[in-house]
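Here is the structure we will look at, set down as structure tokens.
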Amino acid sequence: MNRISKFNDLGLQTKLVIVYVVSMLLILILNLFIYGNINGILKKFDKIYDGNVKLNELSESLNQVQNNMTDYLNTKTTDSMDAYYKACQDYTKQIDNLSEVVSSDETLRLEKNIKEMSLEYLEQTNRAIEAKRGRNIEKYKLYSTNAKKIYGYILSYVDRLNNLRFANNSSNYKSLSVSLRYLEVVNTIVFIAVVMINIVIVGIILGNITKPLKSLAVVANEVASGNLEVEPLMVESKDEVGVVGSTFNHMIVSIKDNIEQLKESMDNERILKEKEFMMENSLKDAQLKYLQTQINPHFLFNTLNAGAQLAMMEGADRTYEYVQTVADFFRYNIKKNHDSVSLKEELNLVDNYIYILNVRFAGDIKYVSNIDEGLLGITVPSMILQPIIENSVNYGIRDIDWEGVISLSVYEKNNKAYISIEDNGVGISKEKIEKIMNSENLDDIRSESERDSNGIGLDNVIRRLKLYYNSDDVFDISSLGKNQGTKVLLKLPILKEEA
């Protein structure tokens, strides 16, 4: 009962995963069982016919030896002698596999006799060949006659052994056929059992899900008809259905309380309306003040330029460089936010952004770039690199205990400009990567670590790239795991900037 209670407390997704895994394991075990048995039977079938195949090969090799010896004795050519020796080697290898054991088994006895006769046969053929080469006509005729006689004996023994094995194999084949039919029946029974078990398990799970839902539907209908005096639902599990049931019970209680509070507040309705009117006026006033505090963007970077000029006149070179860089940064954001730009301009913006950050954070960010200068003139959408660098800083290397490094590479491959932005920060999980690539719940991702931002997120960059190049394969993000850094790769078709 305790295990059943724990199972009921699991979430619906977890329950369904458990059912799926259990079902797959049962099917896997069944398939392994079937595969193991069938494989065993097939091996037995192979073993049954392996001996007959080897005997046929032995007969063919023996015929090759005899024919090549006869050809040499008749023609005495080098080709026929080479063919003879090759056939002897093949035949010797095959007879080496024959049994030499003295046994009461007739097949083993026949193998032993065939092997002994084969050795004698090869000895006689070799002598005949040597006698022929020495032009000793009397001896090579004698040896060839003896070899031919032994050759006939060997063939008869091989034929006898083959017939004997075939008779034994026929009996074994019948036995294996019966085993195969038995295995088929067993497999069918086991398969039906697995299916029935799965049906029972799924039925129990669905019953646990639908039963409280039916009860909820009945009570919900009562509440919809205006009857709030209903019995609370019996909640027996802590899964999603149980949560819905508990929430529904709380909702009924809350509705009752709200009705009581509404009745009590009817007399104060006029006062509430007056307060609401006052709150609306206050909200409008706050909105007006907020609008009044907005700074014109052009006024902002013009002011920064004035500050840069003042710093230059006063000899504050570092301050001048910093303020001028910030002004250039804002000017680019305002001027190029929706235009196409050259890759060189985008890279300059990245340089400015890194410079500003290192001034703000005492040079904690190490930036390394490797740029193919032949690609600096290509056209790209504006504001695609700085948001990625910003994301690497804010969510990758900002709070690490080691030196943060951002590497940017630009290279050409397959008529595309590849832009790689890689950091050595905390990395990113596969789940977040999938959400980023699918533009899902990106607000939730950012809210985990709220940082300064220019307002352009990765989802914006991804959407603009896909629309600009009319392709889905333009953006990729990867990470080897926790504290293994993150790599963003842009694959941009090369578009030359128009003059």
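What follows is calculated from the coordinates using simple rules that are stated; it is not laboratory data. Just so you know, these numbers come straight off a predicted model, no measurement behind them. No Cβ is skipped: glycine too gets one built from the backbone with ideal geometry, and neighbour counts run over all protein chains shown.
Which entries in the list Lys416/Lys487; Lys430/Lys482; Lys54/Lys132; Lys112/Lys141; Lys54/Lys112; Lys115/Lys139 go over 21 Å, if you measure between the two C-alpha atoms of each?
Cα-Cα > 21 Å for Lys54/Lys132; Lys112/Lys141; Lys115/Lys139; rest within.
Enumerate the amide H contacts of Gly427 below 5 Å, restricted to partners 5 or more residues apart or on another chain; note that Pro and chain-start residues carry no placed amide H.
Correct list: Asn483, Gln484, Gly485, Thr486.
Please give the FRET efficiency for Val218 paired with Asn168, using the beta carbon to beta carbon distance and R0 = 45 Å, rounded to the nearest 0.05. Don't jump to the answer; show the numbers that get you there.
On the way: r = 74 Å, r/R0 = 1.64.
It comes to 0.05.
Between Lys344 and Glu403, what is the FRET efficiency for a Förster distance of 35 Å, r being their Cβ-Cβ separation, to the nearest 0.05? Show your work: numbers first, answer last.
Numbers: r = 28 Å, r/R0 = 0.81.
Approximately 0.80, to the nearest 0.05.
What pairs from Lys214/Lys432; Lys214/Lys263; Lys93/Lys149 go past 28 Å between their alpha carbons?
Listed pairs above 28 Å: Lys214/Lys432; Lys214/Lys263.
Please report how far the C-alpha centroid of segment 377-399 lies from that of segment 92-108, rounded to the nearest whole angstrom.
Segment 377-399 and segment 92-108 have Cα centres separated by 78 Å.
Which FRET efficiency value, to the nearest 0.05, do you get for Asp364 and Asn414 by plugging their Cβ-Cβ distance into 1/(1 + (r/R0)^6) with R0 = 45 Å?
0.75
Out of residues 5 or more away from Ile494 or on other chains, whose amide H comes under 5 Å of its own, with H placed 1.01 Å from N in the peptide plane?
The answer is Ala417.
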